[in-house]
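Just below is one structure, and these are the notes that go with it.
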Amino acid sequence: MSSQYIPVPPFDYVVFGATGDLTRRKLIPALYYRFRDGQFDERSRIIGVSRSKWDDKKMREVARKSVEDFVDKDFLDKEVVERFVSCFYYVPNDVTNEKGWAELDGKLRDDKDIVRAFYLAVAPNLFAPISNYLTKKCYCHKDARVVLEKPLGHDLASSIEINDAVGAAFSEDQVYRIDHYLGKETVQNLLALRFANTMFEPIWNAAHIDHVQITVAESVGAGTRGYYDDSGALRDMIQNHILQLLCLVAMEPPASDDANALRDEKLKVLRALKPVVGDDLRRNSVRGQYRGVRSGSVEVASYQDELPDDKKGSHTETFVAIKAEVENWRWAGVPFYIRTGKRLATRMSEIVIQFSQIPHSMFTRAQGAPQANKLVIRLQPDEGVKLFMMIKDPGPGGMRLREVNLNLSFAEEFEQRTPDAYERLLLDIIRGNQTLFMRRDELEAAWKWVDPIRQAWDEAPEPPQPYTAGTWGPTGSIALIERDGRTWHEESDY
Ligand code: BG6
């Protein structure tokens, strides 16, 4: 298979929050890979903005270091790196103050053939002042784009506030809300799998699917990220990434690949989610928090140990499992078990479509019990898709059933680097393609579902269930699914 690199028009990418971690770890390396493949050239510029008193030279040094630190060595080419860093510029600006904006104005090119994008990699309380100044200073001509990074609010009310402030400066078709999970290669493959093949769609419903599992497991802890304790796993992972994955699994086929056609279908799923409140909340949700572990010379700190003194005793959850239901014709009675957590046994994200059992087995017990088919879509690591099915055990020995998987490991099959989600998303913004970005109504529908859960947990006197670092979460999460006669898909099954 050969990749196709279609160049994008030249751009001025203004990155607010240029001195931050996201810019160094994700944005600069992603842009480097796209530059290296010739998707844009030195006519494009990346203009960092932040309060620090840096200049172009310092910004270029940081860009060079970021490429050296976060780009795979096999892709480093000195000459390309130098050409790439020459695209970087810097403007110091305290965005809450009127004064610093003139210099940015001077740097931007007033040429309608150059796409102008403002990337807000800053705390959400700065979205309003930045949008406000951008409007006042007329930086956002009608073709400009604004990119918002999460957290996009901490509940429905605050997300409405942010959307209103940004909406006063930019129309909805100029706003790109990033959920980087949507840029992951396998997530887009889910669309191809469902809608470019005939075999799955006829059985993609309650008549043939027993249940769905979505797991986003991380082995890292919450660490010292100050933001995490105010957020918790529900806001950090469920409200955005996991609900977006659920939407792509559950939505009806969009009529076209038009951004709004797809987002309309996702919105319908979000609106059909059964509220998890009252008894449902008690029965169908579990929250946990990791405790430390010592094994031999290895010691892992508990979440509490990682917290600063003034936060000790926090009830913030580092693990969530929920049995969700989509109340519509296609999915009636099909549970969606979703879970995510920090300090779990391994780093692994996957979607499991568990098909129903065959209605009747013609095989004897000695020949083996047919296992229900299962489609596993692995996002990371080892991106790929596996279809588990029954076959006859090859060779002599009579009829004996055996479960095998049809394995489509992308890494092995296509022998090429899997691009990082940001590579796709950053250039989609320049292309003006909003398909992989959340629309305002989607974001608000997701908060509407999450808010009552958050509120009930905030009011609950009891702490989250403890779980030991390096395990699969609290026992309550196992009980949540096993009570229904089902089990979580095991890592070793993959
Ligand atoms: C981010 C969360 O959105 O996603 C982090 O804020 C999390 O807490 C990260 O670690 C996971 O992303 P990925 O791509 O590494 O699975």
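The values are calculated or read from the model by the stated rules, or taken from the named source; none is laboratory data. Computed from a predicted model, the values in this text were never measured in an experiment. Glycine also receives a Cβ, built like all others from the backbone with ideal geometry; neighbour counts cover every protein chain displayed.
Quick look at the values:
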read-out: Residue check, His360 away from the ligand (no atom under 16 Å from the Cβ), free of Cβ contacts under 8 Å to residues at least 40 places away in the same chain and over 30 Å from Arg417 (Cα atoms); value: yes
read-out: Within segment 184-211, considering residues that are surrounded by 15 or more Cβ atoms within 10 Å (Cβ to Cβ) and among the β-branched types (Val, Ile, Thr), the one nearest to the chain's Cα centre (by Cα); value: Val187
read-out: Meets criteria (touching a residue at least 24 places away in the same chain (Cβ under 8 Å), among the charged types (D, E, K, R) and part of a helix (DSSP H, G or I)) for Lys112; value: no
read-out: Filter pass, Ala372 being surrounded by fewer than 18 Cβ atoms within 10 Å (Cβ to Cβ), within 18 Å of Val212 (Cβ to Cβ), more than 16 Å from the ligand (Cβ to nearest atom) and among the aliphatic types (A, V, I, L, M); value: yes
read-out: Residue ranges of helices (runs of 4 or more DSSP H) in segment 242-357 with at least 3 members exposed (fewer than 15 other Cβ atoms within 10 Å of the Cβ); value: 278-284
read-out: Members of segment 335-378 found to be touching an Asp or Glu at 6+ places or on another chain (Cβ under 9 Å) and either among the polar types (S, T, N, Q) or over 28 Å from Asn189 (Cβ atoms) (or both), listed by number; value: Thr340, Arg343, Thr346, Ser349, Gln354, Ser356, Gln357, Gly368, Gln371
read-out: Some residue of segment 416-436 being without any contact (Cβ under 8 Å) to a residue 24 or more places away in the chain and either in a strand (DSSP E or B) or surrounded by fewer than 19 Cβ atoms within 10 Å (Cβ to Cβ) (or both); value: no
read-out: Filter result (surrounded by 18 or more Cβ atoms within 10 Å (Cβ to Cβ), under 15 Å from Ser302 (Cβ atoms), near the ligand (Cβ under 10 Å from one of its atoms) and not aromatic (Phe, Trp, Tyr)) within segment 222-234; value: Ala222
read-out: Residue tally, condition more than 29 Å from Asn189 (Cα to Cα) and aromatic (Phe, Trp, Tyr), over segment 421-471; value: 2
read-out: So Val286, is it within 25 Å of Ala469 (Cα to Cα), modelled with pLDDT of 95 or more, within 16 Å of the ligand (Cβ to nearest atom) and touching a strand residue (DSSP E or B) at 6+ places or on another chain (Cβ under 7 Å); value: no
read-out: Close pairs from segment 39-61: first at negative phi, partner of a type in the set (Lys, Arg) and surrounded by 15 or more Cβ atoms within 10 Å (Cβ to Cβ), Cβ under 9 Å, at least 6 apart; value: Phe40/Arg34; Arg45/Lys107; Ile47/Lys107; Ser52/Lys58
read-out: Criterion: within 16 Å of the ligand (Cβ to nearest atom) and of a type in the set (D, E, K, R) - qualifying residue of Glu201, Glu218, Glu172, Glu161; value: Glu218
read-out: Matching residues, segment 38-81, being surrounded by 15 or more Cβ atoms within 10 Å (Cβ to Cβ), assigned to a loop (DSSP other than H, G, I, E, B) and under 25 Å from the mean Cα position of the chain (by Cα); value: Gln39, Val71
